[in-house]
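The structure under discussion appears below in the form of structure tokens.
The values are calculated or read from the model by the stated rules, or taken from the named source; none is laboratory data. Keep in mind the model is a prediction, meaning the values are calculated, not measured. With ideal geometry, Cβ positions are generated from the backbone for all residues, glycine too; neighbour counts draw on all protein chains shown.
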Amino acid sequence: MSYLNLSNLSYLGLVLISFILFSSCNDTVGTEEAQKNYDLKENLTIENNQDLFSQEFVSLGVVKAEVKKRKSRTDINFLQHNVISGDKHNSREQSFSFYIKDEVLHLDGKPSLGVSLVNNSPYIITENYQGPLEDFSKNNLNKDLTLLLFALDEITSNSQNKIKANMFHRSTLSGCSFWNTYYLNSVGFTRSVAVSTIKSEGASRKVKDHEEATGETCSKIGGVDTSCVGENHGCLSTQAYCCK
């Protein structure tokens, strides 16, 4: 007959508990180390409501940023004016929202996707990848991640290089009032995709839907402007219209 050795059982129990605690500590330390390296907070240039933006954000129709600091996060809401969205209601005022939590910028409602700064360089956080932008597969730069990276640049760039939306309009879009200027935007993982999308039949349909909803007639102002996160990846194309 064999008997249970209590001393051996106690030893094995201690080993098991130690292993669990060690693994847990490693996971925690790994997370904490990553957060310690984030330097988004010290590079933020948007602290309060503002109406100064880069040319890229003005081209998105952004006219104002509303910043609301909560207990555990900071909400940033960018208000857009006169964006052709394809919605037949075509409200003059729209918005897109982000929030910062634990020094990571997220799109509102999408907590599993985020961007931050590590050593002043963009850092990507997705369900399948955590690391610097330079090592991230550019083919995986979807619309949401592209918008996040543009927003990251916007909230950390020097305010001296930004202007009010109506001032940009006056200096570049003569012949059409600020209130009659609308913007059509497209996002693509490459420059060619973004440009071809904004020139597609689908984009033309959005303009026609706007005309039918408002009774206005829209004509293009200038050509297509395109900006990219990389040289030719993660791109935003914009076409301005005068609608009267």
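Yes or no: N161 loosely packed, with under 15 Cβ neighbours inside 10 Å and modelled with pLDDT under 85? If you could, list the steps in order and put the result at the bottom.
On the way: loosely packed, with under 15 Cβ neighbours inside 10 Å: yes; modelled with pLDDT under 85: yes.
Yes: the conditions hold for N161.
Tell me, which residue of segment 86-114 that is assigned to a loop (DSSP other than H, G, I, E, B) and crowded, with 17+ Cβ neighbours inside 10 Å is farthest from the chain's Cα centre (by Cα)?
Taking segment 86-114 first, the residues assigned to a loop (DSSP other than H, G, I, E, B) are 86-92, 102-103, 108-109.
Those still in the list that are crowded, with 17+ Cβ neighbours inside 10 Å too: 90, 103.
On the way: N90: 23, E103: 14 Å.
My answer is N90.
If you take the residues in segment 35-84 that are of a type in the set (V, I, T) and assigned to a loop (DSSP other than H, G, I, E, B), which one is surrounded by the most Cβ atoms within 10 Å (Cβ to Cβ)?
My answer is I84.
Report the residue count in segment 206-244 for those that are basic (K, R) and under 26 Å from the mean Cα position of the chain (by Cα). Steps first, please.
Step one: list which residues in segment 206-244 are basic (K, R), which gives 206, 208, 220, 244.
Filter once more, keeping what is under 26 Å from the mean Cα position of the chain (by Cα): 206.
Counting residues in segment 206-244 that are basic (K, R) and under 26 Å from the mean Cα position of the chain (by Cα) gives 1.
What are the residues in segment 127-139 that are closer than 19 Å to C235 by Cα and either surrounded by 12 or more Cβ atoms within 10 Å (Cβ to Cβ) or of a type in the set (A, V, I, L, M) (or both), if any? If you could, list the steps in order and put the result at the bottom.
So in segment 127-139, the residues closer than 19 Å to C235 by Cα come out as 132-139.
Scanning segment 127-139 gives P132, L133, F136, K138.
Please verify whether A203 is at negative phi and within 25 Å of the chain's Cα centre (by Cα), treating the condition exactly as stated. Spell out the reasoning first.
Values: at negative phi: yes; within 25 Å of the chain's Cα centre (by Cα): yes.
The answer is yes for A203.
Could you grab the pairs with beta carbons closer than 7 Å, sequence gap of 6+ or different chains, first residue in segment 105-128 and farther than 16 Å from K41 by Cβ, second one charged (D, E, K, R)?
Pairs found: L107/D144; K110/D144; S112/E127; L113/D144.
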